[in-house]
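**Student:** One structure is given below, represented as structure tokens, and several questions about it will come after.
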Amino acid sequence: MRDTVSPSARASVSAMQRLLVTGGAGFIGSNFVRWLMANTDVSVVVLDKLTYAGNEDSLSDLPADRVQLVVGDICDAELVDSLVADTDAIVHFAAESHNDNSLNDPWPFVQTNIVGTYTLLQAARKHDTRIHHISTDEVYGDLELDDPDKFDESTPYNPSSPYSSSKGASDLLVRAWVRSFGVKATISNCSNNYGPYQHIEKFIPRQITNVLSGLRPKLYGTGENVRDWIHVDDHNSAVWTILNHGVIGETYLIGADGEKNNKEVIESILGLLGQPTDAYDLVTDRPGHDMRYAIDSSKLRAELGWKPKYRNFTEGLMATIDWYKANDSWWRPAKEATEAKYAKTGQ
Ligand code: NAD
Ligand code: DAU
């Protein structure tokens, strides 16, 4: 991306006392707020619509004098304007995030991911507010299993699903608002996150909670598809690094060299839960299913000095399993409806 603001125009940590975190009741956003409480002194206003994917309980134990939840829509220009007027920086996580849902009903993805990002950009422009936009490696499409290359910041956009194309569109809006209006934005594109507080529609928590519910895990297609797993806290430490030290107008890829195929992951989950590792079902594949994602994060590491902390996937997975075991009341209410939705597509 071309710089329109001097590379020295970096936001400083001390300038940020009050952040607006969109989607802060979702998986990564709530972990980000939690990470901020543990590692910084900032206060946070969370703007979240509390869709099926948002959960107030993900924030309920955080200090009330530092975390405020505003229930509302990022497409509501008046609300967004009033919140941005009173913030030092915006960290924009809010999105419709699940590929399978986007294949069944794309409209909410267009509305939230594109119109919502537009609405935030207009407010950031009006109030000259720093904004960091959270995006995904899926904007780059997929790689062959034997491709020696990984995605980097110069990989052309080639999204496959309504979800990834709506995220790609939102990234392009951000780039245009930087170039044409001087908005102080950065973008990050991260690979697959795992950790606590992830909605049980997603691969890893779906399989863990299936086993905990006496259901068999479900593997799409043949399970050869590769995802590049990163612990959610590593994603969030990278976001904080970029927010504070990133060069305005730049894109950074976030990844932790965690490539694994889905079959390996499902077998690990079964093994760690004391089950036979072949006790899963092969189910209908996802239409247009991306084969492989892999991130080259050397720009972020070399230029901003970031590195991941979680190096052992099995340990991180075990801790995630323990979290779901200990937090039955957080996920159980959504289990039946989630599985009923999958049953309609034979998944
Ligand atoms: P999530 O679905 O768990 O959370 C999304 C949150 O956004 C929810 O709390 C939801 O209520 C809220 N939201 C949805 N529509 C809204 C609207 N119109 N207004 C306000 N709030 C709204 O998603 P996640 O997995 O935490 O992903 C967060 C961000 O990170 C997304 O932008 C996603 O594209 C990106 N991302 C996710 C991953 C991953 O592995 N999960 C990887 C890379 C990037
Ligand atoms: O790469 C980043 C992306 O990772 C994010 O942008 C998305 O928001 C996030 O949902 C995730 O997308 P995926 O489509 O890769 O994640 P999901 O958890 O849906 O699926 C991971 C892999 O597991 C994928 O290859 C499909 C497969 N899968 C999924 C489910 C739910 C199964 O085999 N069985 C399942 O039950």
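The values are calculated or read from the model by the stated rules, or taken from the named source; none is laboratory data. As the structure is a prediction and not an experimental result, all values here were calculated from the model. Here Cβ is always computed from backbone atoms with ideal geometry, including for glycine, and neighbour counts include all displayed protein chains. Just so you know, the surface numbers come from the protein's heavy atoms only, side chains and all, with ligands and any DNA or RNA stripped out. Shrake-Rupley method; radii C 1.70, N 1.55, O 1.52, S 1.80 Å.
**Student:** Grab the DSSP H runs of the chain that are 4 residues or longer, score each as -39,500 (n - 2.57), total them, divide by all residues and round the 222 nm result to the nearest 500 deg cm²/dmol.
**Tutor:** -11500 deg cm²/dmol
**Student:** Something else: Connecting C-alpha atoms closer than 10 Å in a GNM of the chain, tell me which of 278, 100, 147 has the biggest fluctuation.
**Tutor:** Of 278, 100, 147, the most mobile in the Gaussian network model is 147.
**Student:** Points 7 angstrom from Cα along the Cβ direction at residue 153 and residue 17: gap in nanometres?
**Tutor:** Rounded to a tenth, the inter-label distance reads 3.2 nm.
**Student:** Expressed as a whole percentage, what fraction of the accessible surface of the range 184-291 belongs to carbon and sulfur atoms when a 1.4 Å probe is rolled over the protein heavy atoms?
**Tutor:** Ligands and nucleic acids excluded, carbon and sulfur give 48 percent.
**Student:** Once the dipole of the chain is set up with Lys and Arg at +1 and Asp and Glu at -1 on Cβ about the Cα centre, which of 122, 32, 99 lies farthest towards its positive end?
**Tutor:** The one lying farthest along the dipole's positive direction is 122.
**Student:** Quick one: check the C-alpha center-to-center distance for the range 301-347 versus the range 137-164, whole angstrom.
**Tutor:** The two parts, judged by their Cα centres, are 23 Å apart.
**Student:** Taking the convex hull of the alpha carbon atoms in the range 264-335, what volume per residue do you get, in Å³?
**Tutor:** Convex hull of Cα atoms, per residue: 172 Å³.
**Student:** Further, regarding this structure: Loop only per DSSP, at most 13 neighbouring Cβ atoms within 10 Å: give me the GluC sites (Glu not before Pro) in the range 97-156, ordered by residue number.
**Tutor:** The qualifying sites are 144.
**Student:** Let me ask another. Considering only DSSP beta bridges with both partners in the chain, what is the antiparallel share in %, to the nearest 5?
**Tutor:** 10
**Student:** Normalise the Debye intensity by I(0) for the range 26-71, one equal point scatterer per Cα, no solvent, then take log10 at q = 0.26, 0.31 Å⁻¹ and round to two decimals.
**Tutor:** -0.97, -1.34
**Student:** For residue 307, which aspartates and glutamates qualify as cross-link partners when the Cα separation must be under 14 Å and same-chain residues fewer than eight apart are set aside?
**Tutor:** Once the sequence-local aspartates and glutamates are set aside, what remains near residue 307 is 233, 234, 257, 296.
**Student:** Relative contact order for the chain: what percent, with Cα pairs under 8 Å and sequence separation of 6 or more?
**Tutor:** Value for the chain: 19 percent.
**Student:** What number in nm² do you get for the range 108-259 if you take the convex hull of its Cα atoms and divide its surface by four?
**Tutor:** For the range 108-259, the mean projected area of the Cα convex hull comes to 10.3 nm².
**Student:** At 0.36 nm per residue, and after removing the present C-alpha to C-alpha distance, how many nm does the segment from residue 111 to residue 38 gain when stretched out fully?
**Tutor:** Full extension of this stretch gives 22.9 nm more.
**Student:** To check you understand DSSP bridge types, tell me what percent of the beta bridges within the range 188-332 (both residues inside) are antiparallel, rounded to 5.
**Tutor:** Within the range 188-332, antiparallel bridges account for around 25 percent of the total.
**Student:** So which helices of the chain fit the span-like rule, where a helix is a whole DSSP H run, its Cα atoms reach 20 Å or more along the axis, and its mean Kyte-Doolittle is at least -1.0?
**Tutor:** Helix filter hits for the chain: 162-181.
**Student:** For the chain, what is the largest minus smallest coordinate of the Cα atoms on each principal axis, given in angstrom and ordered from greatest to least?
**Tutor:** 56, 45, 37
**Student:** Can you flag which of 150/299; 49/184; 202/260; 202/341; 167/335; 167/260 are past 20 Å Cα-Cα?
**Tutor:** 49/184; 167/335; 167/260
**Student:** Sticking with this structure for a sec: Please state the charge dipole magnitude for the chain, taken about the Cα centre, from unit charges on C-beta atoms (+1 on K and R, -1 on D and E), reported in debye and rounded to the nearest 20.
**Tutor:** Here the size comes out at about 460 debye.
**Student:** Would you work out which of 170, 158, 181 lies farthest towards the positive end of the dipole of the range 144-192? Charges go on Cβ: Lys and Arg +1, Asp and Glu -1.
**Tutor:** About the Cα centre, the residue reaching furthest to the positive side is 181.
**Student:** Please report, to two decimal places, log10 I(q)/I(0) for the range 46-94 at q = 0.19, 0.28 Å⁻¹ as given by the Debye formula with identical point scatterers on the Cα atoms and no solvent.
**Tutor:** Cα-only, vacuum Debye calculation for the range 46-94: -0.68, -1.26.
**Student:** Given the Cα-Cα distance of residue 337 and residue 104 and 0.36 nm per residue of separation, how much length would full extension add, in nm?
**Tutor:** 82.3 nm
**Student:** Right, next: Please give the per residue accessible area of the chain, computed with a probe of 1.4 Å over protein heavy atoms only, in Å².
**Tutor:** Using a 1.4 Å probe on heavy atoms only, each residue of the chain averages 41 Å².
**Student:** As an exercise, use a Förster radius of 45 Å and the Cβ-Cβ distance of residue 146 and residue 64 to find the FRET efficiency, rounded to the nearest 0.05.
**Tutor:** 0.30
**Student:** Can you list which of the chymotrypsin sites (Phe, Trp or Tyr not before Pro) found in the range 291-339 are DSSP loop residues with at most 13 other C-beta atoms within 10 Å?
**Tutor:** none
**Student:** Check which residues have an amide H placed less than 5 Å from residue 259's amide H, if you skip close sequence neighbours.
**Tutor:** 229
**Student:** Dipole size in debye (nearest 20) for the range 109-248 around its Cα centre, Lys and Arg Cβ +1, Asp and Glu Cβ -1?
**Tutor:** With Lys and Arg at +1 and Asp and Glu at -1, about 780 debye.
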